[in-house]
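These notes are about the structure you will find just below.
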Amino acid sequence: MTAVADRVQQASDILDLTFAGIKWRLRSYCHELKVCTDPRTTEFLSGDNAAPHVNVDVRWSSDFHVPGAVIFDAGLWRAYAGDDYVFDFIAEKLGPTPYKRAIFNPNFTRGEVLLNQLLLQDQDSYYPFEYPLDELAMMHRLALGHGVELHSCGLATPDGRGYLFVGHSGAGKSTLGKQLVSERNGRILSDDRVIVTREEESFRIHGTPWHGEAGLAHNSSAELKAIFLIQHGRQNELVRVAPSQASAELFARSFVPWYRPESLGFSLGFMQSIVSAIPIYIFRCLPNPTAVEFLEANCAL
């Protein structure tokens, strides 16, 4: 058994996770309840000694009064208005009362996860960042000046170049990514959701645990070189996209807290900076290996 697998099996009082270079420390203050991860996030456990960027305390609670006006309701979770970021999580099988509440300060350096003791008291170990909270928290942290998450398949080549295949579900981005992996020895960072950050004069793409149906995710990154908007076609064809159109295309395929004006403003500006620096193409392609050959011939993958 690997060292990472050992850490997963051995639930403890502290759990460290790293997504796109941001380290989250989850510390349990619940009596006889240990924190652990789940299979999706195993690879994103952090084994270094660096200080966390975000400290999150995990506690029992019995007080789940409504904290304010609801500004977004996704069914499984809802967000509330206020200076702090407050999210409630509801499961139909557990009834209408939240089974979990997450609260973060305005700059997302500290937070609390409050677990409903009445509903979860039979647990002896628990992943407090259970999806969708892990993605939700990361999305909001990114929007405070760190990056953006895109609905895309991220590919890293053996020499460290990164490419994004962007599209809605069913567009063929994962199929194309898997062809590049099997035929050109690349690596899929995620087959569904990829984080983009900026480093000085370049952009990097990062794998996430929020993979799609193919279940492909790696905790690694690569320097972004090009973005392809995938469409089904009758032949393989590349069309360069103007920055104004490209920004709108990326925004339509992004995960941003649009109900937070300050976060939305950064996200829009960040996507504009991406399209100003990175070539973006519409790629109309055939669902076969000729698509890979076409990309290599025309884009020097």
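Laboratory data are not the source of any read-out in this text; all were calculated from the coordinates shown. What you see is a predicted model; the values in this text were computed from it and never measured. Glycine gets a Cβ as well: all are built from the backbone with ideal geometry, and neighbour counts include every protein chain shown.
Quick rundown of the values:
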read-out	value
Within-12-Å neighbourhood charge of E130 [Cβ basis; K, R +1; D, E -1]	-1
Highest-MSF residue in the chain out of E130, E223, E199 [GNM, Cα springs under 10 Å]	E199
D_trans [Stokes-Einstein, Kirkwood Rh over alpha-carbon pairs] for segment 147-299, 25 °C, 0.890 mPa s, µm² s⁻¹	161 µm²/s
Assigned charges on the beta-carbon of Lys, Arg, Asp, Glu; the chain dipole about Cα centre (debye)	580 debye
Around D88: net Lys/Arg minus Asp/Glu count, Cβ-Cβ under 11 Å	+2
Most positive-pole-ward Cα, L26, W60, Q235, against dipole of the chain from beta carbon charges	Q235
Average Cα contact separation per residue, the chain, under 8 Å, 6 or more apart, as relative contact order %	14 percent
Spatially proximal lysines relative to K178 (Cα-Cα < 23 Å; intrachain offsets below 8 disregarded)	K225
Of H206, A248, N219, farthest towards positive along the dipole that unit charges on Lys, Arg, Asp, Glu beta carbons give the chain	A248
log₁₀ of I(q)/I(0) at q = 0.08, 0.09, 0.16 Å⁻¹ - the chain, Debye sum with one point per alpha carbon	-0.38, -0.47, -1.28
Whichever lysines have a C-alpha closer than 25 Å to that of K34, once near sequence neighbours (fewer than 8 apart) are set aside	K23, K93, K100
Helical mean residue ellipticity (222 nm; -39500 (n - 2.57) per DSSP H run of 4+; nearest 500) of the chain	-7000 deg cm²/dmol
Sum of side-chain charges, P98 neighbourhood, beta-carbon under 15 Å (Lys, Arg +1; Asp, Glu -1)	-1
Potential lengthening between N105 and N185 on full extension [0.36 nm per residue; Cα-Cα distance subtracted]	24.5 nm
Rounded FRET efficiency, nearest 0.05, which uses the C-beta distance separating A297 from L94 and R0 of 45 Å	0.25
Computed over segment 147-299: relative contact order in percent, which uses C-alpha pairs under 8 Å that are six or more apart	27 percent
Among A81, A50, A102: highest mean-square fluctuation, GNM of the chain, C-alpha pairs under 10 Å	A50
Gained length - W60 relative to S202, 0.36 nm times residue gap less alpha-carbon distance	46.8 nm
